[in-house]
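A.B. asks: Take a look at this one; I'll ask things after.
Read the figures in this text as sums done on the coordinates, not as results from a lab. Keep in mind it's a predicted model, so treat the numbers as computed, not measured. Note that we place each Cβ from the backbone using ideal geometry, even for glycine, and neighbour counts take in every protein chain shown.
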Amino acid sequence: MKLSVSTIVGIPFGLLLVNYAERRWISLILGILLISYSVYSVLGSKRQRLTIQKEFTNTNYSLTFGFSAFMLGSAYNMNGIPIVLYGTMSNWSPSKFKDTLQAHFLFSSLLIVVSHFFSGFWTRELGVYFAFSLPAVMLAIFTGNYLYARIKTEKFKKTVLLSIFLLGVLTLIDFF
């Protein structure tokens, strides 16, 4: 709940960010953060990972990650990065990870679309792209649920960390 509520507060900050911050620098910071976290998670000691997981049992961290998610979502459509990081740091089970991400993305994506509309970022062309993307989104949800039902927990965690690493690389490429 805290994750979703703090997401709403990030809306105006994201709109300010898109108007005043250089996208390249945001990409650089996010890329370095994602790569660093994924490498640390793979190479760090088990004791260090357990310390982080224990720290993240305090749900107040969700406020910062939720706020960051919507700020980045309303500015750059990157709302997933903070939520995925929060979920992996909190050591969510695959089921909780999937369910929370799906609910969060549905909620935040709708708010992002509405905030872009009211901020004047929405165009007719964007609306057409949005409408055409909906079947792909539904296919992705179906495919994700299908794969989720067949993947073991450890493989799931490794896949998420690899995805975080690749997302970091792609985000850095956006910088250059």
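A.B. asks: Which shape class, rounded, prolate or oblate, goes with the stretch 76-154 when its Cα gyration tensor gives a ≥ b ≥ c as root eigenvalues, a/c under 1.5 marks rounded, and past that a/b bigger than b/c marks prolate?
C.D. replies: Cα axes put the stretch 76-154 in the oblate bin.
A.B. asks: May I ask you to order 47-55, 165-173, 129-137, 77-85 by the average number of other C-beta atoms within 10 Å around their residues, highest value first?
C.D. replies: On the way: 47-55: 12.1, 165-173: 16.1, 129-137: 10.3, 77-85: 21.0.
Ranking, from highest mean packing down: 77-85, 165-173, 47-55, 129-137.
A.B. asks: Could you work out the relative contact order of the chain? I mean the mean sequence separation of Cα pairs under 8 Å and 6+ apart, divided by the number of residues, in percent.
C.D. replies: The normalised contact order for the chain reaches 40 percent.
A.B. asks: Now a separate question. Net charge around PHE105, counting only other residues with Cβ within less than 14 Å of its Cβ (Lys, Arg = +1; Asp, Glu = -1)? Spell out each step's value before the answer.
C.D. replies: Working: positive: LYS98; negative: ASP99.
Summing Lys/Arg as +1 and Asp/Glu as -1 gives 0.
A.B. asks: Would you list the membrane-span-like helices of the chain, meaning whole DSSP H runs whose alpha-carbon atoms span at least 18 Å along their axis and whose mean Kyte-Doolittle value is at least 1.0?
C.D. replies: TM-like helix candidates: 23-43, 153-175.
A.B. asks: Please list the non-local residues whose amide H lies under 5 Å from the amide H of TRP92, H modeled 1.01 Å from N, same-chain partners needing a gap of 5 or more.
C.D. replies: Amide H neighbours of TRP92: none.
A.B. asks: Can you tell me the FRET efficiency between ASN145 and ILE29 if r is taken as the Cβ-Cβ distance and R0 is 30 Å, rounded to the nearest 0.05?
C.D. replies: With a Förster radius of 30 Å, E is 0.40.
A.B. asks: What ratio of Cα Rg to 2.2 N^0.38 Å holds for the chain?
C.D. replies: Computed over Cα atoms of the chain, the ratio equals 1.05.
A.B. asks: Could I ask something else about it? Can you work out the FRET efficiency for the pair GLU154 and LEU126, with r the C-beta to C-beta distance and R0 = 45 Å, to the nearest 0.05? All intermediate terms of the calculation are to be shown ahead of the outcome.
C.D. replies: On the way: r = 40 Å, r/R0 = 0.89.
That gives a FRET efficiency of 0.65.
A.B. asks: If you don't mind, another one. Once fully extended, how much extra length lies between GLN48 and ALA103, figured as 0.36 nm per residue of separation less the alpha-carbon to alpha-carbon distance?
C.D. replies: The GLN48-ALA103 span can extend by a further 16.8 nm.
A.B. asks: Do you know the Lys pair count in the chain for C-alpha distances under 21 Å, with sequence separation 8 or more or different chains?
C.D. replies: Qualifying lysine pairs in the chain: 20.
A.B. asks: Answer with one residue from ILE151, SER133, MET71: the one whose Cα lies farthest towards the positive end of the charge dipole of the stretch 2-175, charges on Cβ with Lys, Arg +1 and Asp, Glu -1.
C.D. replies: ILE151
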